[in-house]
Amino acid sequence: MLSLALAVPGLSGAEELPAWFPRAQSFSVNPDNTVHEDYGRAMIDLGSAGSVQQSELKGHHWHADLYPPPGDESWSGGRVWAEVRTALEKQGFKLVHLESGDVIHATLRKDGAGSTTYAEFVLTRDDGYGNSVEILETATQTLTVTLAPPARAPETFREQDNFPYLTPLPGARRADSAPEPIDEPLDVTTPADNEPHLVGSRYSTKRYEGPSGLSNLAFVSTYGPALRAAGWKILQQSEGLGMGNGIIVAHYEQNGRDLWLKLVSGSAEWAASVADVGQGLRQIATSCRVPVYGLNFDFNRATLRADAEPVLGQVLALFNSMPALSAEIGGHTDNVGKPDYNLQLSADRADAVKSWLVAHGVSASRLSTHGYGAALPVVANDSDAHRARNRRVELKKAGCG
């Protein structure tokens, strides 16, 4: 998290607050509890006395908690308010909202050339640890990034490299070295999903810091349009109001590719996780088996859903690219329901996948099927997310144990 402090003499980091903010002797600021965003959001109260009329404003944003001066445990919200009000009014700020009681809640405003600045204070009369200032200078988003669409052929890159189709934000730097891929599906569940949504058989995550002053709002409003322009479909775009994270979940299924991307930002740090479904399946060239997630069926049935088509296409491409490959298609369920029913359901689902592949040109002699029911879980069936991990189809190379 970027540290920021109000301009109090002798306070480390004070230069990061707007230069116009009054230097005060009657309070101090803890840099660890401050926020500075080059492009952020604030809810500023512009209501008349006795009313609340919050307006959402966007631009350069600062927030800081105010405390008694170092070494002085006394606090007078009235004294602080009188000091900052006088100093700001001398600079041309005008009072636009004031509630004065046990808590002083006040907003000052200054209009400038093409921008308006607001300073909102919450000051208790005698409690030194419930006070804050919110500053917003209206401005437009200036952060931009241009993304290249994923190529037709899977890209070759090392774990220490950036994803070829995800250019880091200007001013960002890698916060990791070369983490190993994670051999499990990527969770891309969104609020629109009725159950956990898992994709791929492995994924990679790359972590970044910055640029300085990055907010969740700036993050998602920069990457969202850039991903759409590059051909990605956005399934979730959330700015993470309050203490939440900014999140983007995107899917790319053009040019024979099936890629899933999850971006998560928070406190000027962010991470990008990618599951390349086709590349994950190719692990079977060097391993005995590979799980296949995203082959979705109707509830309690063996009917493949339409959203299983991209994954089926990747399984088909795998068999077409490896003519010598023969494999068992194994069906697996969680432990919900009767064992005999789950055993039959898993077998029927494996048969459904085989039928689709045969109908699309794979020789039936290269495929066998087996239903395992809940007999071979990969994780304990102790949560919805874990049960979703266990509901899978698995390819096992012929001749493997």
For this session: For segment 322-335, indicate whether the set of residues that are crowded, with 17+ Cβ neighbours inside 10 Å, modelled with pLDDT of 95 or more and in a helix (DSSP H, G or I) is non-empty.
Result: no
Problem set entry | Residue tally, condition surrounded by 13 or more Cβ atoms within 10 Å (Cβ to Cβ), assigned to a helix (DSSP H, G or I), of a type outside the set (Ser, Thr, Tyr) and touching a residue at least 24 places away in the same chain (Cβ under 8 Å), over segment 336-375 | 15
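For segment 98-122, how many residues meet the condition of being of a type in the set (Gly, Ala, Ser) and in contact with a Leu (Cβ under 7 Å, 6 or more places away or on another chain)?
Adding up the residues that qualify gives 2.
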For this session: Being touching a residue at least 60 places away in the same chain (Cβ under 8 Å) and in the same structural domain as residue 101 (by TED's automatic domain parsing) narrows it down to one of 38, 72, so name that one.
Result: 38
Problem set entry | Top-ranked residue in segment 285-303 [being at pLDDT 95 or above and among the hydrophobic types (A, V, I, L, M, F, W, C); ranked as nearest to residue 260 (Cα to Cα)] | 292
Problem set entry | Test for residue 378: is it touching a residue at least 24 places away in the same chain (Cβ under 8 Å), among the aliphatic types (A, V, I, L, M), out of contact with any Leu (no Cβ under 8 Å at 6 or more places or on another chain) and not in a helix (DSSP H, G or I) | yes
Exercise. Which of the residues belonging to segment 184-210 are farther than 30 Å from residue 386 by Cα and modelled with pLDDT under 95?
Worked result: 210
For this session: Check residue 307 against each of (1) outside any loop (DSSP other than H, G, I, E, B); (2) over 29 Å from residue 252 (Cβ atoms); (3) modelled with pLDDT under 95 and name the one condition it does not meet.
Result: (2)
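Condition check ((1) closer than 30 Å to residue 214 by Cβ; (2) crowded, with 17+ Cβ neighbours inside 10 Å) across all residues:
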position	(1), (2)
42	yes, yes
64	yes, yes
94	no, no
112	yes, no
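Hey, any hits in segment 179-186 for a residue that's assigned to a loop (DSSP other than H, G, I, E, B) and loosely packed, with under 12 Cβ neighbours inside 10 Å?
Keep residues of segment 179-186 that are assigned to a loop (DSSP other than H, G, I, E, B), which gives 179-181, 183-185.
Narrowing the set further to residues that are loosely packed, with under 12 Cβ neighbours inside 10 Å leaves 180.
The answer is yes, given that some residue of segment 179-186 is assigned to a loop (DSSP other than H, G, I, E, B) and loosely packed, with under 12 Cβ neighbours inside 10 Å.
The values are calculated or read from the model by the stated rules, or taken from the named source; none is laboratory data. Everything numeric here is computed off the predicted structure, so don't read it as measured data. Heads up, the Cβs are rebuilt from the backbone with ideal geometry, glycines too, and the neighbour counts pull from every protein chain shown.
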